[in-house]
1. Name the helices (runs of 4 or more DSSP H) wholly inside the range 1-112 in which the number of residues that are under 20 Å from R156 (Cα atoms) is 1 or more.
2. Please enumerate the residues belonging to the range 34-53 that are acidic (D, E) and within 16 Å of the chain's Cα centre (by Cα).
3. Any idea how many residues of the range 359-396 are within 13 Å of ligand 1 (Cβ to nearest atom), within 30 Å of A145 (Cα to Cα) and open to solvent by 60 Å² or more (accessible area, probe 1.4 Å)?
4. Name the residue, out of V356, V309, V399, V341, that is buried (at least 19 other Cβ atoms within 10 Å of the Cβ), of a type in the set (A, V, I, L, M) and within 14 Å of the chain's Cα centre (by Cα).
5. Select, from V89, V109, V82, the only residue that is modelled with pLDDT of 95 or more and closer than 16 Å to N34 by Cβ.
6. Show the residue pairs meeting these rules: Cβ distance below 9 Å; 6+ apart or different chains; first residue within the range 174-193 and more than 24 Å from R36 (Cβ to Cβ); second residue among the aromatic types (F, W, Y) and open to solvent by 10 Å² or more (accessible area, probe 1.4 Å).
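The values are calculated or read from the model by the stated rules, or taken from the named source; none is laboratory data. Because the structure is predicted, anything quoted here is derived from the model rather than measured. Backbone-built Cβ (ideal geometry, glycine too); neighbour counts: all protein chains shown. Only protein heavy atoms, including side chains, enter the accessible area calculation; ligands, DNA and RNA are left aside. Shrake-Rupley method; radii C 1.70, N 1.55, O 1.52, S 1.80 Å.
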Amino acid sequence: MPAFDTIDDLPADSRVLVRLDLNSPIEEGEPQDNRRFERHAETIRELAAAGHRVVCLAHQGRPGRDDFTSLAGHAAILADHVGRDVAFVADTYGDEALDAIDALGAGEVLLLENTRMCDDELPEESPEEKAETEFVRTLASHVDAYVNDAYSAAHRLHASLVGFPLVLPAYAGRVMETEYEANTAIATREFDGPVTMVVGGTKATDVIGVMDALDDRVDRFLLGGVAGELFLRAAGRPVGHDVGGTELFDEQWEANRELIESVLDERGDAIHLASDLAYPDDDGDRAEIAVSEIDEKTEGYLDVGSETVADYEPPLRESDAVFVKGALGVFEDERFADGTVGVLEAIADTDCFSVVGGGDTSRAIEMYGLSEDDFSHVSIAGGAYIRALTGEPLPAVEVLEAAAERNE
Ligand SMILES: Nc1ncnc2c1ncn2[C@@H]1O[C@H](COP(=O)(O)OP(=O)(O)O)[C@@H](O)[C@H]1O
Ligand SMILES: O=C(OP(=O)(O)O)[C@H](O)COP(=O)(O)O
């Protein structure tokens, strides 16, 4: 169990600073609604209903990128999910922000401007240095407590994530609690039966690192996506190459070749590779080919085939725990969704402990009418999920734990 305090421990009638992660896709300048709003709304709703005065902090994008925007639109989406007004001020810690914080009534909710518009926020520095910044010092003097709900940003040493717990009583929000518990389960929980990991997606470098780190915790890996093709390439198959202008395979192959070969060599029995793959035929329809029949590097493959899904179903059914990282194919295109959806459906049918992570992959659940309730946990974290799986500490969690020790 995590050693941090939660909002159950928050003193009554607190004026509380709550760090959320509302970082979202931006289309035509506007944030798009997504599961992060829905999840954080639960924490906000609970705090407001208890009569706390709630000041929210969040970030969007990074300076210099197209997705670096104000949080005005985020406040409106959050309000819809919370079911209460969410006031917004376009200020991080100036007079306008401080006046709005001081004026908050019991149960009222305020969102401040994008934390990354403040110079103190981004440079990665120690929590002690962040705690000394004017941003942290100023806001801390206008509130009673700090709640971190931004598990998905907890790998960043940014002021709003690691500075406040050194100068304020600090607590974990509901998202922080549930994400922490589920995502670290692979390292912390004992399972009676086999533990299976489904590995795919485009970020092969990340997932191969996870496979290496989880070597002794996972009984079998079911592979697809780009990582799956790179393992097939290591096994001597003519797939996993960039063809037709893609830039997903060759660079990641060069960067990870030795590691892939050594993982395959040492854990070959535990690694299940696709026996067939899917691609668009001349008419643009889905076609499938057995891997054993592929003899030239001419085709780009966009999904695992139906025989592979059938091969993967029995090990999933026998598992006591399944962790998913990455899609088995380009599921956004219905023609190439069968692998990802077939495996998710097989997991949903079992009553094993299951975690689906990765921002992109977990979208397939909603897109194809599966229910989140059929999984133990669907994570809203990307980078932080990877770090949890590999056992790498998250600095923002560590400072919450240290704060809890001080509170004792
Ligand atoms: N064979 C493939 N070729 C290209 N893209 C793929 C392939 N298989 C899966 N993908 C893509 O992988 C993406 C998800 O991978 P990734 O971004 O690494 O995972 P996540 O964000 O879920 O952690 C999906 O959007 C899917 O289209
Ligand atoms: O969306 C986030 O991370 P993710 O893309 O790993 O899920 C977090 O908000 C962290 O954002 P950052 O990667 O710009 O620091």
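1. Details: elements: 35-49, 72-82, 95-103.
Output list reads 35-49.
2. First, pick out the residues of the range 34-53 that are acidic (D, E): 38, 42, 46.
If the condition is that a residue be acidic (D, E) and within 16 Å of the chain's Cα centre (by Cα), then E38 is the only one that fits.
3. Summing the residues that are within 13 Å of ligand 1 (Cβ to nearest atom), within 30 Å of A145 (Cα to Cα) and open to solvent by 60 Å² or more (accessible area, probe 1.4 Å) in the range 359-396 gives 1.
4. Values: V309 fails: within 14 Å of the chain's Cα centre (by Cα); V399 fails: within 14 Å of the chain's Cα centre (by Cα); V341 fails: within 14 Å of the chain's Cα centre (by Cα).
Going through V356, V309, V399, V341 in turn, the sole match is V356.
5. Working: V89 fails: closer than 16 Å to N34 by Cβ; V109 fails: closer than 16 Å to N34 by Cβ.
Going through V89, V109, V82 in turn, just one is modelled with pLDDT of 95 or more and closer than 16 Å to N34 by Cβ: V82.
6. R189/F353; F191/F353
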